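Every number in this text was worked out from the coordinates using simple rules, so none of it is lab data. Computed from a prediction, not measured in an experiment: that's the story for all the values here. Glycine also receives a Cβ, built like all others from the backbone with ideal geometry; neighbour counts cover every protein chain displayed.
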Amino acid sequence: MAHSKQYDYIIIGNGLAGFQLALALSKDSFFNDKQIALIDKSHKTQNDKTWSFWEKGNGKWESIVSKTWSKALFFSSKMELNIELAPYKYKTIQALDFYTKVTHVLKEKTNFDFIVEDVLTVEKTKHPKVITTNNFYNAKHVFDSRITEDYFSESDNFTKIIQHFKGWIIETKVPVFSPDQFTMMDYRLKDGDKTTFTYVLPLSSTKALVEFTYFTPTLVNEATYDSYIKKYISSILKIDTYTIVETESGIIPMTNFPFETYSTKNITKIGTAGGWVKGSTGYSFKHSEKKVAIIITNLKNNNNPSKNLFKRKYKFYDKIFLKVLNDENEKGEWIFEQFYSKNSIEAMFKFLDEESSLIEELKIMKSLLSLAFIKAFFKTL
Ligand SMILES: Cc1cc2nc3c(=O)[nH]c(=O)nc-3n(C[C@H](O)[C@H](O)[C@H](O)COP(=O)(O)OP(=O)(O)OC[C@H]3O[C@@H](n4cnc5c(N)ncnc54)[C@H](O)[C@@H]3O)c2cc1C
């Protein structure tokens, strides 16, 4: 095992969190004299996912946003909502465009090293030691996007819902989709009583991602997703002839597992591994951006990088929501129907972005007032 260079920072994982952090470090001259290593087991040359998020006006990633929508649809078995998103827009980014852009910027910098190796472990010493299959590296601080094994083994103490889905990108010969309007959630087709819905992102009038999603404690087999996507395309979208050009599937934790407690003075867990994925939604693109900004400020002020990364009240709200979903999974359709029909989209997005005021939160809670939430509130306390 070769002994290698000493770094100021090592970032493990060139995914969403690691690359957002590396990019922010590269853009701030305060870090120009810092030696930074990026270690990932993969070269990041595959388009392994698409990230979608809502945002007001132009954001940081405009040059690689592949599509935006200004309107959304929501369907429950009882109602259809046409939602004008203004002042927000819903945007999507291809992961490969993100990896390529960030790699390009970082390769221009002389203080960043790219290391393609599998990290086996990080020793929690004063200058943590990152051990890979081939080498070891020391740094003053390590940012680690590997999910702790405890998350998979500890099952009893935390609510663990999984957002799991499969999507097909389909192409039709004739125009059938409205490219300006996406379907946030469609509950007209469900797997029994479970919280399941279809998400449709029209990429053009002849091309769309159609994804069947579960918010449930357990996974299903491939054929189940496929059969619901097929059924949705034929019976809801009423499309007979199409070609599947790509598929996407994913598993995202929706949990109150305390990922953030795995950070130490010299190791900060980031991304999903650091609890950056919002428990109640599975979204993390914009949350990662904000957490990276806090880390940069902390580093510059010589504070612990994970200081003030989380707002406790939102963790509490997410915990109640997850409890309801776990104990009464059939309530999902009703919850989201209430969310979107009784509150403005601006209030909802502010709440989900963790930027709402107490008055706005009380209004949202009022729209969900039910025995299920009252029970979950007291169990969570
Ligand atoms: C299919 C899919 C679609 C999603 N869509 C959205 C969306 O639309 N909007 C949204 O906000 N969120 C979305 N999410 C949720 C979340 O944003 C993503 O999961 C996001 O990629 C999480 O970022 P991350 O940095 O924690 O992990 P990743 O982006 O997965 O990056 C982790 C990196 O660590 C590397 N790594 C892991 N272990 C090791 C090791 N031992 N040694 C070296 N390297 C290692 C991996 O190779 C990888 O590059 C989606 C998730 C999935 C799975």
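Once you order the gyration tensor axes a ≥ b ≥ c over the Cα atoms, which shape class does segment 312-380 get: rounded for a/c under 1.5, otherwise prolate or oblate by comparing a/b with b/c?
Cα axes put segment 312-380 in the oblate bin.
Do the sum for the chain: with -39,500 (n - 2.57) for every DSSP H run of n ≥ 4, divided by all residues, what is the mean residue ellipticity at 222 nm, to the nearest 500 deg cm²/dmol?
-9000 deg cm²/dmol
Can you find, among Phe112, Leu96, Asn32, the residue farthest towards the positive end of the dipole of the chain? Put +1 on the C-beta of Lys and Arg, -1 on that of Asp and Glu.
Result: Asn32, furthest along the dipole toward the positive end.
Could you give me the ³J(HN,Hα) list for segment 176-186, computed from phi with Karplus coefficients 6.51, -1.76, 1.60 and θ = phi - 60°, whole Hz, x at Gly and Pro?
10, 9, 8, x, 8, 10, 10, 9, 5, 8, 10
What are the ³J(HN,Hα) couplings of segment 66-78, residue after residue, when phi is run through the Karplus curve with 6.51, -1.76, 1.60 and θ = phi - 60°? Round to Hz, x for glycine and proline.
The phi angles translate into 8, 6, 10, 10, 10, 9, 9, 10, 10, 10, 10, 5, 9 Hz.
Cα axis of helix 285-300 to longest principal axis of the chain: angle in degrees, 0 to 90, nearest 10?
Tilt of helix 285-300: around 30 degrees.
Among the listed pairs Lys27/Lys71; Lys34/Lys300; Lys194/Lys290; Lys269/Lys363, which have their C-alpha atoms separated by more than 23 angstrom in this model? Show your work: numbers first, answer last.
Details: Lys27/Lys71 34 Å; Lys34/Lys300 12 Å; Lys194/Lys290 33 Å; Lys269/Lys363 34 Å.
Over 23 Å Cα-Cα: Lys27/Lys71; Lys194/Lys290; Lys269/Lys363.
Using θ = phi - 60° and the Karplus relation 6.51 cos²θ - 1.76 cosθ + 1.60, list the HN-Hα couplings for segment 332-339 in order, rounded to whole Hz, with x at every Gly or Pro.
Running phi through 6.51 cos²θ - 1.76 cosθ + 1.60 with θ = phi - 60° gives x, 4, 4, 4, 5, 4, 5, 3 Hz.
Expressed in nm², what is the orientationally averaged projection area of the convex hull enclosing the Cα positions of the chain?
Taking a quarter of the hull surface, the average projection is 19.6 nm².
Quick one: Cα centre-to-centre distance for segment 266-303 and segment 139-177, in angstrom?
16 Å
Add +1 for every Lys or Arg and -1 for every Asp or Glu among the other residues with Cβ under 14 Å from the Cβ of Ala223, and state the total.
0
Non-local amide H neighbours of Thr268 (under 5 Å, H modeled in plane, Pro and chain starts lacking H): which ones?
Residues meeting the amide H criterion: Val142, Phe143, Asp144.
Just to confirm the filter: which trypsin sites (Lys or Arg not before Pro) across segment 59-160 are DSSP coil and have at most 10 other Cβ within 10 angstrom of their Cβ? Don't jump to the answer; show the numbers that get you there.
Numbers: sites: Lys60, Lys67, Lys71, Lys78, Lys89, Lys91, Lys101, Lys107, Lys109, Lys124, Lys126, Lys129, Lys140, Arg146, Lys160; in loops: Lys60, Lys78, Lys109, Lys124, Lys126, Arg146.
Loop-located and lightly packed - Lys126.
Going by how many other beta carbons lie within 10 Å of each one, how would you line up Met184, Met79, Met254, Met365, fewest first?
Values: Met184 21, Met79 11, Met254 25, Met365 14.
Ordered by Cβ neighbours within 10 Å, fewest first: Met79, Met365, Met184, Met254.
Given Cα positions, please report Rg to Rh for segment 160-254, the hydrodynamic radius being the Kirkwood one.
0.96
Taking the Cα centre of each part, how many Å lie between segment 56-83 and segment 185-252?
Segment 56-83 and segment 185-252 have Cα centres separated by 18 Å.
Can you give me the angle between helix 16-27 and the longest principal axis of the chain, using Cα atoms only, in degrees from 0 to 90, rounded to the nearest 10?
Helix 16-27 and the main axis of the chain meet at about 50 degrees.
Taking amide hydrogens as modeled 1.01 Å from N in the peptide plane, which residues meet the under 5 Å criterion relative to Asp191, leaving out close sequence neighbours?
For Asp191, whose amide H was placed from the backbone, the distant partners under 5 Å are Thr196.
Go through Lys89/Lys160; Lys60/Lys166; Lys5/Lys160; Lys107/Lys140 and tell me which ones have a Cα-Cα distance over 32 Å in this structure.
The pairs that break the limit, which is 32 Å between Cα atoms, are Lys5/Lys160.
Using the Cα centre as the reference, give the magnitude of the dipole from point charges on the C-beta atoms of segment 149-237 (Lys, Arg: +1; Asp, Glu: -1; all else neutral), rounded to the nearest 20 debye.
On the way: 9 positive and 12 negative charges, 118 e Å.
Result for segment 149-237 is approximately 560 debye, rounded to the nearest 20.
In segment 280-372, which GluC sites (Glu not before Pro) fall in coil by DSSP and have 16 or fewer other Cβ atoms within 10 Å?
Working: sites: Glu289, Glu328, Glu330, Glu333, Glu337, Glu346, Glu354, Glu355, Glu360, Glu361; in loops: Glu328, Glu354, Glu355.
Of the GluC sites (Glu not before Pro), the ones in loops of segment 280-372 whose Cβ has at most 16 other Cβ atoms within 10 Å are Glu355.
Hey, got the dipole for the chain? About the Cα centre, +1 on K and R Cβ, -1 on D and E Cβ, debye to the nearest 20? Please list the in-between numbers first.
On the way: 52 positive and 45 negative charges, 188 e Å.
Its charge dipole is roughly 900 debye.
May I ask you to list the trypsin sites (Lys or Arg not before Pro) in segment 168-203 that are in a DSSP loop and have at most 14 other Cβ atoms within 10 Å of their Cβ?
Lys173
Relative contact order of the chain, please, whole-number percent, based on alpha carbon pairs below 8 angstrom and at least 6 residues apart.
18 percent
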